[in-house]
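Working notes, structure below.
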Amino acid sequence: MTAVRSVVVALLLLALAPAAALAAPPPNDARADATTIAALPSTQSATTAEATTEAVEPRSPCFCNAGSVWYRYVAATNGRLILSLTAAGDLDATLDAYLQQRSQLTREDSDVTDAKGEASVSVRVRAGQAYLVRVAQRVGSVAGTFKLVFDAAAPEVSPPGRLLGRHGASDTLDRVLKPADAFSYRMRAGTTYRINFIGLDLPGVDADSQPACRAALDVYAPGTRDFADEPVRGLDCGSYVLFTPGRGESGRYPLRVLAPSFARGPQRFHVQIAPADASDTAPGLPLTNHQRARGALRGSGVDRVDLYRFTVTKRSLLKLAVSGTGDDLTLRLRNDRGHLVDSAEGGDISRRVRPGRYFVSVAAGPGVDTRYILLRSSRTITSTRVSLARGGGTVHVSPGVAGTARVTVQRLDPEFGWQYVRTVDVRVAGGHGSFALGATAVGRWRVRAEYLGTRDSAPSTSGFAQVLVT
C-alpha cells in the first residue's frame, strides 16, 4: 500500500511539474493593469517574456505587434511627452502611444525599433487627459528586456525667435527631442531678399550614410504670435527663393524650422537671409554675344544663383556653356515672360531661339561653393540656295550675311552616276556670291553650295541645281 501511494505522489508531482515551470505574464500584460507613471521623468525596465495579446488589442501601423505590456500616464500640464525605448538583445519591438477616452483609444504616434534597437515617439498632451503606452514584441521576434523612458519635452518654440545674423544660423533638430527651432529677420517693403535653406552633413557620419534633410522652413508675417497661423512662404530643405515684402509689410519676420514626424534621426540645417544684389534678380547682368562671364556662387551661404540677360535680334542657334570647379551647376533659360525655355544640369544648352529678350541663370546646388565661366554664343540661322545660268551660278544666303560658300561641281556619267569635278570657294557679300561653272564637256552638270558660316552666322547647305550643257 505504501508503494502504491509513493507511485501516485510521484505521478502527481510529474504532472504538475510543467505547469510550475511556466512563468507568469508580466504584471502589466493587460491594458487594465497598465503600470501607472506618476511623474516625469520616469524610467521603466521590463520584459516581453510571456507577454500576451488581448482579444480587442489595437494593432500597430505595421500590423506586426505580438505580446505586449502597458503603461498609463495622466498629464499634469499641457506640453509634449517624449517616449524613448531601448530594446536589449535581439528584441524587436513596436512603441505605440494612445489617447484614452473612457474605453476608446486614439493612436497618437508609433515607431518600431531600428537596427540599434531604439524607437521614440512624441505626443502632444493636455492636462488631465490619460494616455496609454504600449511596448509590443514584434511578430517573429524573440522575447527580451527593454528600457522605456518617459520625459517632458522642452517648451515649444514661439514667435518671433532670435534674430539671424549676417552669416545665418545652423542647428540640429530631432522629430522627438527637438522638433522645431525659431528665428527672425527684419525686412523692408519693396526690398528683395535671398533666402537659402539647406541641409548639413552630420559630423562623424560618412558621406554614403548621411540622412536626407526633410526639415521645412516657414516664414511668417510680422506680428505673428502663434506658429499655428498661416505662413506667408514655405520652403523645403534644399530650397532657395527670392522674397519681397509688399507695401506696409516691413517688420520682423518670424521663421520656424520644423522636423517632420516621419523623419527619423537628427536633421541638421542652415538658414541664411540677405538682400539681393544686381546679379541675383532682374534685370540681371548683361551678357553680350561671345562673352565669357566669370562669377562665383556660394551655395553654403546665400549666393546660389546669378542672373544674366541678353537680346537675340534674329532667329539664331544659341549655345550657353558653363564650366566650374564642380559639376553641380544648373543652367535655366527663360524668355522675358519668365517661361522656362530650356534647362541643363551639369551641361550646356544648345537650341534654336526666336528673336527676343532672354534670361539665363547659373545656379549652384545646396551647399556647393564654386567659381564658373559662362559663355554665350548666338549665331544667326541661315538658309542657302544656288542658281545656274549661262555658264555660271549664284549662291544666295538669307538673311543677307557675309562669309564664304563652298560650291561643289559634279557631272553625270550615264553608267556610274554623278562624279565629282571640283570645289570652288565663293565670297559672299550681302547674301550673294557668283562663280563660274567651268563645264568642260557636254552633258548634265549639277552644283551644291555650303555656306560655311561665321562667328555670328550659322552654316547652311543648299540643294542641288542642275544644268544641261549642249
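The values are calculated or read from the model by the stated rules, or taken from the named source; none is laboratory data. Quantities reported herein were computed from a predicted structural model and do not represent experimental measurements. We place every Cβ from the backbone using ideal geometry, glycine too, and count neighbours over all the protein chains shown. To get the accessible areas, we keep the full protein, side chains included, count just its heavy atoms, and leave off ligands, DNA and RNA. Shrake-Rupley method; radii C 1.70, N 1.55, O 1.52, S 1.80 Å.
Would you confirm whether any residue within segment 436-454 is open to solvent by 70 Å² or more (accessible area, probe 1.4 Å), in contact with a strand residue (DSSP E or B) (Cβ under 7 Å, 6 or more places away or on another chain) and part of a loop (DSSP other than H, G, I, E, B)? Write out each step before concluding.
Of all residues in segment 436-454, those open to solvent by 70 Å² or more (accessible area, probe 1.4 Å) come to 440, 442, 444, 448, 450.
Those left that are additionally in contact with a strand residue (DSSP E or B) (Cβ under 7 Å, 6 or more places away or on another chain): 442, 444, 448, 450.
Add one more test, that the residue is part of a loop (DSSP other than H, G, I, E, B), and what stays is 442.
For segment 436-454, residues open to solvent by 70 Å² or more (accessible area, probe 1.4 Å), in contact with a strand residue (DSSP E or B) (Cβ under 7 Å, 6 or more places away or on another chain) and part of a loop (DSSP other than H, G, I, E, B): present.
If ALA259 satisfies all but one of (1) modelled with pLDDT of 95 or more; (2) surrounded by 16 or more Cβ atoms within 10 Å (Cβ to Cβ), what's the number of the condition it fails?
That leaves (1) as the condition not met.
Suppose the filter is closer than 22 Å to ARG252 by Cα and in contact with a Gly (Cβ under 9 Å, 6 or more places away or on another chain); does LEU202 pass it?
Numbers: closer than 22 Å to ARG252 by Cα: no; in contact with a Gly (Cβ under 9 Å, 6 or more places away or on another chain): yes.
So LEU202 fails the test.
Test each condition in (1) outside any loop (DSSP other than H, G, I, E, B); (2) more than 30 Å from PRO61 (Cβ to Cβ) for GLN267 and report the one that comes out false.
Result: GLN267 fails condition (2) only.
Looking for whichever is closer than 30 Å to LEU374 by Cα, surrounded by 14 or more Cβ atoms within 10 Å (Cβ to Cβ) and in contact with a Gly (Cβ under 7 Å, 6 or more places away or on another chain) here; the options are GLY284, GLY295, GLY299. Which one fits?
Values: GLY284 fails: in contact with a Gly (Cβ under 7 Å, 6 or more places away or on another chain); GLY295 fails: in contact with a Gly (Cβ under 7 Å, 6 or more places away or on another chain).
After applying the criteria, what remains is GLY299.
If a residue must be outside any strand (DSSP E or B) and open to solvent by 70 Å² or more (accessible area, probe 1.4 Å), how many such residues does segment 92-118 contain?
Initially, segment 92-118 is screened for residues outside any strand (DSSP E or B), giving 92, 102-103, 113-117.
Subset that is open to solvent by 70 Å² or more (accessible area, probe 1.4 Å): 102-103, 115-116.
Within segment 92-118, residues that are outside any strand (DSSP E or B) and open to solvent by 70 Å² or more (accessible area, probe 1.4 Å) number 4.
Regarding segment 168-191, can at least one residue be identified that is without any contact (Cβ under 8 Å) to a residue 60 or more places away in the chain and open to solvent by 20 Å² or more (accessible area, probe 1.4 Å)? Lay out the reasoning, then the answer.
Within segment 168-191, the first condition is being without any contact (Cβ under 8 Å) to a residue 60 or more places away in the chain, and the residues that meet it are 190.
Still in the list and also open to solvent by 20 Å² or more (accessible area, probe 1.4 Å): 190.
Within segment 168-191, one or more residues are without any contact (Cβ under 8 Å) to a residue 60 or more places away in the chain and open to solvent by 20 Å² or more (accessible area, probe 1.4 Å).
Only one of (1) loosely packed, with under 15 Cβ neighbours inside 10 Å; (2) of a type in the set (A, V, I, L, M); (3) in contact with a Leu (Cβ under 7 Å, 6 or more places away or on another chain) is not met by LEU148, so which one is it?
(1)
Mind counting the residues in segment 270-295 that are under 22 Å from THR191 (Cβ atoms), among the polar types (S, T, N, Q) and either in contact with a Lys or Arg (Cβ under 7 Å, 6 or more places away or on another chain) or not in a loop (DSSP other than H, G, I, E, B) (or both)?
Of the residues in segment 270-295, the ones under 22 Å from THR191 (Cβ atoms) are 271-285.
If we keep only those that are among the polar types (S, T, N, Q) as well, we get 272, 279, 281.
Of the ones still in play, those that are also either in contact with a Lys or Arg (Cβ under 7 Å, 6 or more places away or on another chain) or not in a loop (DSSP other than H, G, I, E, B) (or both) are 272.
Of the residues in segment 270-295, 1 are under 22 Å from THR191 (Cβ atoms), among the polar types (S, T, N, Q) and either in contact with a Lys or Arg (Cβ under 7 Å, 6 or more places away or on another chain) or not in a loop (DSSP other than H, G, I, E, B) (or both).
Checking THR404 against (1) open to solvent by 50 Å² or more (accessible area, probe 1.4 Å); (2) touching a Ser or Thr at 6+ places or on another chain (Cβ under 6 Å); (3) over 30 Å from SER323 (Cβ atoms), which test does it fail?
(2)
Just one of GLY89, GLY128 is assigned to a loop (DSSP other than H, G, I, E, B), under 23 Å from THR52 (Cβ atoms) and either open to solvent by 10 Å² or more (accessible area, probe 1.4 Å) or among the hydrophobic types (A, V, I, L, M, F, W, C) (or both); which is it?
On the way: GLY128 fails: under 23 Å from THR52 (Cβ atoms).
Residue meeting the stated conditions: GLY89.
Checking VAL409 against (1) surrounded by 15 or more Cβ atoms within 10 Å (Cβ to Cβ); (2) not in a strand (DSSP E or B), only one condition comes out false. Which one?
Every listed condition holds for VAL409 apart from (2).
Filter segment 359-385 for residues that are open to solvent by 20 Å² or more (accessible area, probe 1.4 Å) and hydrophobic (A, V, I, L, M, F, W, C); which is nearest to the chain's Cα centre (by Cα)?
Only one residue tops the list, namely VAL368.
Consider only pairs whose beta carbons are under 8 Å apart and that are at least six residues apart or on different chains; among these, list those whose first residue lies in segment 67-89 and is farther than 20 Å from VAL176 by Cα and touching a residue at least 12 places away in the same chain (Cβ under 8 Å) and whose second residue is acidic (Asp, Glu) and surrounded by fewer than 23 Cβ atoms within 10 Å (Cβ to Cβ).
The qualifying pairs are GLY67/ASP29; GLY67/GLU50; SER68/ASP29; SER68/GLU57; VAL69/ASP29; TRP70/ASP29; TRP70/ASP33.
Starting from residues that are open to solvent by 80 Å² or more (accessible area, probe 1.4 Å) and among the hydrophobic types (A, V, I, L, M, F, W, C), keep the ones in segment 41-75 and report whichever is farthest from the chain's Cα centre (by Cα). I'd like the intermediate steps shown before the answer.
Step one: list which residues in segment 41-75 are open to solvent by 80 Å² or more (accessible area, probe 1.4 Å), which gives 41, 43, 45, 50, 55-56, 59, 63, 72.
The next check asks that each one be among the hydrophobic types (A, V, I, L, M, F, W, C); those that pass are 55-56, 63.
Numbers: ALA55: 45, VAL56: 43, PHE63: 31 Å.
Once the filter is applied, the top-ranked residue is ALA55.
Which of the residues spanning segment 199-233 are farther than 14 Å from PHE269 by Cα, outside any loop (DSSP other than H, G, I, E, B) and open to solvent by less than 50 Å² (accessible area, probe 1.4 Å)? It would help to see each step written out before you state the result.
To start, the set of residues in segment 199-233 that are farther than 14 Å from PHE269 by Cα comprises 204-209, 219-233.
So of that shortlist, the ones also outside any loop (DSSP other than H, G, I, E, B) come out as 207-209, 219, 233.
Answer for segment 199-233, where residues must be farther than 14 Å from PHE269 by Cα, outside any loop (DSSP other than H, G, I, E, B) and open to solvent by less than 50 Å² (accessible area, probe 1.4 Å): just VAL219.
Among the residues of segment 365-395, count how many are farther than 23 Å from ARG354 by Cβ and assigned to a strand (DSSP E or B).
Filtering segment 365-395 down to residues farther than 23 Å from ARG354 by Cβ leaves 365-373, 386-395.
Okay, now just the ones that are also assigned to a strand (DSSP E or B), so 369-373, 386-389, 392-395.
Selection size over segment 365-395: 13.
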